[in-house]
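Participant: Pasting a structure here, questions to come.
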Amino acid sequence: NPIEPPEFNKCGTATNLNTGKPLDINCCPPVTTKIIDFKLPPVGKIRVRNSAHRVSAEYTAKYNAAIKAMKSLPDDDPRSFKQQANVHCAYCNGAYDQPGGGKIDLQVHNSWLFFPFHRWYLYFFEKILGSLIKDPDFALPFWNWDNPKGMTIPPIFLDSNSAIYDVNRNQAHLPPAVIDLGLTGNTDPLQVVSNNLTIMYNEMLRGNSSVYDFMGKAYREGDGPNPGPGASERGSHTSVHVWVGDTRTPSGEDMGNFYSAGRDPLFYVHHTNVDRMWVLWQYFLPSNKVPDKRITDPDFLNAAFLFYDENAQLTRVTVKDCLDNLSLGYEYERIDLPWIDYRP
Ligand code: C2O
């Protein structure tokens, strides 16, 4: 059977997965009994997510205003930045058990739920931002770390007076430091860029012989957590988290630790690029060894999550409703993929 959404009223203590110790912060969401089912919205104008390295000053101001509005909501509002960040902690740090009375942690990483869960998370985060600034077409940017032109922290995140700033970042990795997708520690920027492109080529093309190699392993009701991540989750995705996390903090905060990652606005633009990798893989890359890129297993399609929507209504969503980004009303700016022929 598919993984069922968590019971918010049974949310408990979360664990710091980097140290194995219980967390002293409460990352459980507000509880409500009313749950609505998500309905795919009529698709009108498609929201376009643009590269964070290329956005205009005008867009940046709007984006900052939206995050600022989210940060100004009361802490107990499920749409507040604090609660949005806690969504990640609750779903990823063992605060929930799988429903049904057992004691098995619910975990959305390291399995085929990774891409769908984060797509939904970003969908609602973006919708909330849009509703706060009364711009239903608002779209998040993405951190284009797979392209040499995007391989630094996007400069718009560096202004310490802005809402999208976060102090807990590795100070040695601010621009012009080049993202190191292999965490090699190499400091020659040209070698790092070349290594990054090789990694992308392997994760997106060469390394996958089945849909599960890319998406992650099956994860069903009653299964223990972490059956196995897909190539992109295991590789570039995790490296970006670790690389941004602050070495001055006790355990990799903010980006380098599941419970705190959502506190850095960079998290959401890192994950839009991760989501973009899914779109590219699904629709734009040659099939190679994986002629069928769909998972048709009902335990995948019917897995479900709960999120608060832009009207603060608790909403039940399923994996099958998020498989096509266009039906959710968004797409990504088309940017060169210099790794596509980057055979090692
Ligand atoms: Cu939920 Cu990048 O992790």
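Throughout, read-outs are computed from the coordinates displayed, never taken from laboratory work. All figures in this text were calculated on a predicted structure; none of them were measured in a lab. Neighbour counts run over all protein chains shown; Cβ positions are idealised from the backbone, glycine included.
Participant: Take every Cα-Cα pair in region 8-332 and report what % of them are more than 33 Å apart.
Facilitator: 21
Participant: If the reach is capped at under 25 angstrom between alpha carbons, list the lysines near K39, excluding any in the same chain fewer than eight residues apart.
Facilitator: K127, K134, K293, K320
Participant: Lys/Arg Cβ at +1, Asp/Glu Cβ at -1, dipole of region 8-332 taken about the Cα centre: which of G329, F300, P286 is farthest positive-ward?
Facilitator: G329
Participant: I've got another one for you. Can you give the % of DSSP beta bridges in the chain that are antiparallel, to the nearest 5?
Facilitator: Details: 8 of 15 bridges.
Bridges in the chain that DSSP calls antiparallel: roughly 55 percent.
Participant: Tell me which cysteines of the chain come out unpaired when the rule is another cysteine's Cβ under 4.7 Å.
Facilitator: C92, C322
Participant: Taking 2.2 N^0.38 Å as the expected size of a compact globular protein, what ratio does the Cα radius of gyration of region 174-298 give against it, to two decimals?
Facilitator: My calculation over the Cα atoms of region 174-298 gives 1.15.
Participant: Further question: Given labels modelled 7 Å from the Cα in the Cβ direction, how far is it in nm from S287 to V167?
Facilitator: 5.4
Participant: Hey, another quick one. Kirkwood hydrodynamic radius, region 33-134, all distinct C-alpha pairs: what's the number in Å?
Facilitator: Hydrodynamic radius (Kirkwood, Cα pairs) of region 33-134 is 16.1 Å.
Participant: Rg/Rh for region 4-91: what does it come to with C-alpha atoms and Rh from Kirkwood?
Facilitator: Answer for region 4-91: 1.05.
Participant: State log₁₀ I(q)/I(0) for region 134-225 at q = 0.13, 0.25 Å⁻¹ as given by the Debye formula over alpha-carbon point scatterers of equal weight, solvent excluded.
Facilitator: Each listed q maps to, in turn, -0.68, -1.20.
Participant: How big is the charge dipole of region 8-332 about its Cα centre, in debye rounded to the nearest 20, if each Lys and Arg gets +1 on its Cβ and each Asp and Glu gets -1 on its Cβ?
Facilitator: On the way: 31 positive and 34 negative charges, 69 e Å.
Approximately 340 debye in magnitude.
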